[in-house]
Structure formats: structure tokens, C-alpha cells
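Visitor: Here it is: the structure, laid out below.
The values are calculated or read from the model by the stated rules, or taken from the named source; none is laboratory data. Note that the coordinates shown come from a computational prediction; the quantities given were computed from them, not determined experimentally. Cβ sites come from the backbone with ideal geometry, for glycine too, and all protein chains shown count toward neighbours. Accessible surface is based on the protein model in full, side chains and every heavy atom, while ligands, DNA and RNA are left aside. Shrake-Rupley method; radii C 1.70, N 1.55, O 1.52, S 1.80 Å.
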Amino acid sequence: MPNQVTTHPRLPDLLRAQRDFLLVDGSGSMQPQWWPLMEALETYVQTLRRNGTSSFTTLSVFSGEELDMEQRNCRIEDWKSVLDDPLVSTWGYTPLYDAINSMARRLCDEDPLRCAITIVTDGDNNGSRFTDETQARSILNWCRAKGWEVTFIGCDWNNELLAKKLGSHPSAAIGVSRAMLKDAAEELANKRSRYGASGAPMHWSDEERHQFGGYLGAPAK
């Protein structure tokens, strides 16, 4: 693995009870939708807070050579608004598989009891040097086997084929039109709160996939 991947200590039990990891694509093609995404991410966090879901949350941006540009790592109560202090990126390519590997190594060290992983991207893997598709799928299968939820959000992009390649059921992936990112994030947060409270799966219905994606809800070719 690259030098920037570090080992993070196991979290205290109180913080391990609920864990969120937001893995965000910071590639160049994401620039036109960066601000709608900021609004969506802020809506996600504020909806969790409103629902009373207390979670330790990490937000990491990946792009180019940088696999873990950590920009939030705190209890949700201490979250600093991404509208007031926006996320930044190097706007490179999309080493998604390497970023998944880096994220999982960290979560393995921390060993959370419940974890909601949300992977946000507007395109397929591009430029991973250390992790191939089979390895990335195995890593996410390991996460799912631990009872963690893995959700794929496609920004103005139908991510169904990507999610399928990486071992997810279609209900765990949704392509969201740019105008609907905020609304979809609010609904995802509601699903996340139910998962935190009862372990309910964070699945998207066909109706929701059409509602938030429009034409993106059609099956990928």
C-alpha cells in the first residue's frame, strides 16, 4: 500500500457502537457537482442528528495519488458544516479500488460494531495501482459479512454496474440526478437511522431509484 495509508487505533467502545464512513470521489469530473454534493452531505449529517443517531463519522476524499484526504473525523455532535468549511480535493483521477482498500484497513483496526459505509462517485475506478476489482469486491464482501452496510451513490451517473462488480445487490446502489442529491441524502440518513436502531438494511426500492434518479433509474446497459 502507498505511504499515506496509516494505522488508526481502535476506537473506544462508546464510539464503536455507531460508525459512519463517507468515501467521496474527488476526481476532476466531480467539480461541477461539488456544491450540490456539499449540500447533500450536510443534509445527511443534520438528518442523523435530528433523528438522534449518534455516530463517529469520517469523511475521506480520494483523488489521484491521494487515497485518504481525511476532512472530517469526529463524533457527529462535533461535525463542522461542510457549507461553512467546504471539502477540498486535488481533482485527479479515480483510484476507487485503492481507496476502498485504504478505508477497510482503517475500519479493520477500529473494528466498529455497526458501520454504514457510503461510497460516492460519478464514475468507475480509474488508476488504482495496488488493488484490483477482485480484491476490492472481496474487501467489501468482508465488510458486509460483518453486518456493515455498504451503499453506493452515483452522482448524476447510473452506478448499478459498478456496485454489481463490487458484490452489491442492486438495492444497495442508486444513481442520483444532481438536482436530487440533497433529497436522496435525507432519505439515506433516515435509512441509516433505522439501521442504527434496529439493524434494518439500507435498501433502495425501485420507486426510490426512479424518484431520485429519473432516467438514471433505468437498468444500466
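Visitor: Could you go through the range 192-200 and let me know if any residue there is free of Cβ contacts under 8 Å to residues at least 40 places away in the same chain, within 23 Å of SER29 (Cα to Cα) and open to solvent by 30 Å² or more (accessible area, probe 1.4 Å).
Guide: no
Visitor: Among the listed residues ARG194, ARG209, identify the single one that is more than 21 Å from TRP34 (Cα to Cα) and modelled with pLDDT of 95 or more.
Guide: It is ARG194.
Visitor: For the range 201-221, which residues satisfy the criterion of being more than 18 Å from the chain's Cα centre (by Cα) and open to solvent by 70 Å² or more (accessible area, probe 1.4 Å)?
Guide: ASP206, GLU207, HIS210, GLN211, TYR215, PRO219, LYS221
Visitor: In this structure, is CYS108 at pLDDT 95 or above and under 24 Å from GLU70 (Cα atoms)?
Guide: Taking the combined requirement at face value, the residue does not satisfy it.
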